[in-house]
Ligand code: GLP
């Protein structure tokens with residue numbers, strides 16, 4: 001595992017954006033695994049800057065997002081599909097036909113999950129998977145315990161996660177959907193390279209548990225240590241308990 005610790009959140013997200021940009025430069029048809037959450041807003045803003053400043057084209061890439069809330073249509077401002085549009089895709093030249101986010105309003109969610117797994121395979125697998133970490137130690141929405149061989153599926157969200165993500169839902173955790181579709185831990189571990197980013201003091205304890213505690217389904221993020229090609233980018237605050 002390669003660990004990069006930067007002085008502050010802005011520099012951490014900047015470093016992560018440059019690693020993503022390098023992947024696209026090396027392989028213009030890269031398959032990017034993308035993530036959402038507040039941490040990633042800085043990553044995507046920096047990536048959009050690189051696109052503009054260095055004429056980095058996204059036209060050949062394909063993308064697969066980690067997760068989506070069940071019950072929210074892509075047009076809902078609180079959906080992750082909408083998040084991706086406003087934070088990244090409105091600012092770069094990605095081909096909409098190659099953007100994939102699980103469909104949280106599919107009539108048959110089980111079929112949607114199987115089709116998502118199949119689509120990742122058809123694209124030859126994920127070149128680089130971007131990951132944040134939730135307060136429960138989740139990657140994607142793999143709430144504990146999530147066995148390391150899990151695949152894309154519907155999960156029930158923890159009360160702590162609904163609390164963490166309530167800001168987008170008027171501050172009311174009960175307004176946060178109770179279920180989500182998420183890539184499994186096994187799906188994530190299949191990516192050729194993993195890039196985890198965390199910032200801020202609130203993440204320090206869970207980052208330490210994930211990187212230095214037992215490797216266990218009780219902390220989904222600890223699974224990344226089983227992967228042979230992982231980069232973790234932290235600011236000093238989130239690295240504070242290491
Ligand atoms: C959500 C996403 C996760 C993300 C987490 C962290 O729960 N499903 O993929 O890692 O948020 O979010 P934040 O960056 O806002 O702390």
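Every Cα-Cα pair in segment 140-181 was counted, and those over 16 Å apart are 35% of them.
Counting helices only, and only those DSSP H runs with n ≥ 4, report the 222 nm mean residue ellipticity of the chain as the sum of -39,500 (n - 2.57) divided by its residues, in deg cm²/dmol to the nearest 500. Spell out each step's value before the answer.
Details: 7 runs with 74 residues, N = 242.
Counting only the DSSP helices, I get -9000 deg cm²/dmol.
Among 84, 168, 196, the residue with the largest mean-square fluctuation in a Gaussian network model of the chain, with springs joining Cα atoms closer than 10 Å, is 168. Within the listed set 55, 209, 17, the residue fluctuating most in the Gaussian network model of the chain (springs between alpha-carbon atoms under 10 angstrom) is 55. All Cα-Cα distances of the chain, cut into 5 Å bins from zero to the largest, leave 1, 7, 15, 20, 21, 19, 12, 5, 1, 0 percent in each bin in turn.
Using C-alpha pairs below 8 Å separated by at least 6 residues, the relative contact order for the chain is 25 percent.
Where a number appears in this text, it was derived from the coordinates with a stated rule and is not lab data. No experiment lies behind these values; they were computed from the predicted model shown.
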